[in-house]
Amino acid sequence: MTDFSDHNRVIRFDWAIKSLLRDKANFDVLEGFLCALLEDENIKILNLLESEGNQKQEDDKFNRVDLMVEDSNKRKIIIEIQNTRERDYLERLLFGTSKVIVENLRLGEDFKNISKVISISILYFNFGTGDDYLYKGTTQFIGMNTGNPLKIKEKVEVMDGLESKYKFVDKDIFPEYYFIQIYKFQDIIKRYIDEWIYMIKNEQVRDDFKSKNIDKAKDKLSYIHMSKSEKADYERYVVNLVRERDMITTAKMDGIEEGEKIGIEKGLKTVASQMLKKGESIDKISEFTGLAIEEIKKLN
């Protein structure tokens with residue numbers, strides 16, 4: 001378990017998403033994380049959405065928060081942050097993003113009011129084959145003959161002083177996906193988001209970190225600042241994670257052993273079949289392979 005004697009230590013980010021960061025008083029921590037990831041210093045959380053992802057759950061695997069934010073261009077964007085498990089990952093990701101869009105468009109409301117969704121996945125397992133720890137996915141329409149992207153514009157109103165004007169900008173409505181692969185991060189700090197990934201991976205905020213609001217994360221996510229009941233809940237969560245990881249490891253090892261056993265038995269049966277074809281006696285084959293005589297007879 002994490003050593004909490006170091007005052008730079010913070011709790012696991014997945015637990016923070018499940019509990020502390022749903023409190024409006026702690027939104028500044030999430031704002032700092034989003035500013036660093038999206039490279040926009042003016043991300044502001046407007047509210048926690050009333051979606052299924054934000055309902056209180058006792059299940060430790062349920063770590064997701066849906067937010068409505070405003071960026072520096074005054075765009076309203078839905079942010080979905082989740083810590084996901086390996087099973088059916090992409091399928092659940094696609095379903096979750098689609099569900100967020102539907103949940104936040106009222107029945108009969110005009111489609112033009114659909115908000116862009118940015119899905120951020122913090123992965124505690126190695127996913128796919130690649131040489132990076134941070135990935136971004138978008139939707140593009142590419143010409144099948146020219147190979148050039150299709151550009152779609154929309155007319156938007158902008159204020160120039162007291163005067164209202166219009167301009168055409170790229171239409172940006174399709175979801176974006178960010179994958180943060182925690183265990184592929186090598187603890188090398190090159191930009192602000194790396195400070196946050198370092199914190200998530202190592203449960204520590206270094207004194208030299210300068211990313212916006214990461215000092216607030218150090219303070220608000222500090223274990224020593226938690227109440228007695230919060231500490232008890234958190235420690236139970238960490239113990240359950242360790243137990244779950246051990247169970248998965250044990251199951252995988254059992255599967256490997258069973259696979260090896262099946263492979264050996266299959267190999268012996270292949271040898272026995274070849275010996276039968278060469279006219280060797282069943283008794284000799286049984287002695288050589290260790291297979292039961294009845295098993296060898298079934299190979300005939």
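The values are calculated or read from the model by the stated rules, or taken from the named source; none is laboratory data. Here the structure is a predicted model, which is why all the values come from computation and not from measurement. Virtual Cβ from ideal backbone geometry, glycine too; neighbours counted across all protein chains shown.
Numerical summary
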{"quantity": "Every residue from region 72-120 that is of a type in the set (A, V, I, L, M) and either part of a helix (DSSP H, G or I) or in contact with a Pro (Cβ under 8 Å, 6 or more places away or on another chain) (or both)", "calculated": "L90, L93, L94, V100, I101, V102, V117, I118"}
{"quantity": "Residue match in region 91-101 (condition: touching an Asp or Glu at 6+ places or on another chain (Cβ under 6 Å) and of a type outside the set (F, W, Y))", "calculated": "yes"}
{"quantity": "Neighbours by Cβ (under 6 Å, 6+ apart or cross-chain): first from region 217-234, assigned by TED's automatic domain parsing to the domain that holds L34 and more than 21 Å from G32 (Cβ to Cβ); second modelled with pLDDT under 80 and among the aliphatic types (A, V, I, L, M)", "calculated": "none"}
{"quantity": "Pairs where the first residue, in region 94-117, is farther than 23 Å from E154 by Cα and the second is among the aliphatic types (A, V, I, L, M) and part of a loop (DSSP other than H, G, I, E, B), C-beta under 9 Å, 6+ apart", "calculated": "V100/L49; E103/L49"}
{"quantity": "Out of E265, E257, sole residue that is under 30 Å from K184 (Cα atoms), over 27 Å from the mean Cα position of the chain (by Cα) and either at pLDDT 70 or above or not assigned by TED's automatic domain parsing to the domain that holds V29 (or both)", "calculated": "E257"}
{"quantity": "Near pairs, Cβ below 9 angstrom, 6+ apart or cross-chain, from region 186-201 (in contact (Cβ under 8 Å) with a residue 12 or more places away in the chain and of a type in the set (S, T, Y)) to any residue that is in a helix (DSSP H, G or I) and crowded, with 20+ Cβ neighbours inside 10 Å", "calculated": "Y192/G32; Y192/C35; Y192/A36; Y192/L37; Y192/I214"}
{"quantity": "Breaking point among (1) at pLDDT 80 or above; (2) outside the structural domain of E31 (by TED's automatic domain parsing), for W196", "calculated": "(2)"}
{"quantity": "Search result, residues across region 121-176 that are of a type in the set (A, V, I, L, M, F, W, C), over 30 Å from D194 (Cα atoms) and assigned to a loop (DSSP other than H, G, I, E, B)", "calculated": "F141, M144, L150, I152, L162"}
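Conditions tested, residue by residue: (1) farther than 21 Å from V29 by Cα; (2) of a type in the set (A, V, I, L, M, F, W, C); (3) surrounded by 14 or more Cβ atoms within 10 Å (Cβ to Cβ).
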residue: E103; (1), (2), (3): yes, no, yes
residue: L107; (1), (2), (3): yes, yes, no
residue: D110; (1), (2), (3): yes, no, no
residue: T129; (1), (2), (3): yes, no, no
residue: K136; (1), (2), (3): yes, no, no
residue: E176; (1), (2), (3): yes, no, yes
residue: I180; (1), (2), (3): no, yes, yes
residue: I193; (1), (2), (3): no, yes, yes
